[in-house]
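Structure, as structure tokens:
What follows is calculated from the coordinates using simple rules that are stated; it is not laboratory data. Predicted, not measured: the structure shown is a model, and the values here were computed from it. Positions of Cβ are generated from backbone atoms using ideal geometry, with glycine treated the same way; all protein chains shown enter the neighbour counts.
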Amino acid sequence: MRNATWRTHVAALGRPCLQCVGQIDGAQVARDREGLFADDDYIKNAGLDAPARENVSLLAPSVTASLLAQFVSLVVAAGGRGGPEPLRFSPATHTLGHLDHETAAGCA
């Protein structure tokens, strides 16, 4: 948990998409659609870097709570502001920060 962080954001028209905020990689999505991630040989030989000790179960409830808070903000639009921009929280330092992402050219 020393270096754990989580990010949440609202994906909607007029906001940066999942690829623009760095949440997904379009090339990885294409590989998944082709079914390559279901192929054990592809996974073994792909050279994808991922720590073997990742455990997201401790973070999942906090991410869910953050997403729910963003959804409520978006729907209720408290103070006329709507949902917040993408957020990142670090449990180690107890800091919540806004992430500045812009919609890439060619993205709707």
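Scan the chain and report its longest stretch carrying no trypsin sites (Lys or Arg not before Pro) that are both in a DSSP loop and have at most 16 other Cβ atoms within 10 Å. No qualifying site falls inside 3-52, the longest such stretch.
Let me have the 222 nm mean residue ellipticity of the chain computed from DSSP H runs of 4+ only, each contributing -39500 (n - 2.57), with the sum over all residues rounded to the nearest 500.
That comes out to -8500 deg cm²/dmol.
Full extension from Ala12 to Val56: what is 0.36 nm times the residue separation minus their Cα-Cα distance, to one decimal in nm?
The span from Ala12 to Val56 would gain 13.3 nm if fully extended.
Spin-label model, Asp39 to Cys107: label points 7 Å out along the Cα-to-beta-carbon direction sit 2.9 nm apart. When the chain is treated as a GNM with alpha-carbon contacts under 10 Å, the residue of Val29, Val63, Val72 showing the greatest mean-square fluctuation is Val29.
Relative to the longest principal axis of the Cα atoms of the chain, the long axis of helix 60-76 makes an angle of roughly 40 degrees. Computed 3J(HN,Hα) for the stretch 85-98, one whole-Hz value per residue from the Karplus formula 6.51 cos²θ - 1.76 cosθ + 1.60 where θ = phi - 60°, is 5, x, 10, 10, 10, 10, x, 5, 9, 6, 10, 10, x, 7, glycine and proline marked x. Labels on offer are [x] 15.5, 56; [y] 16.6, 53; [z] 17.2, 53, and the one holding Rg and Dmax of the Cα atoms in Å computed from this structure is [y].
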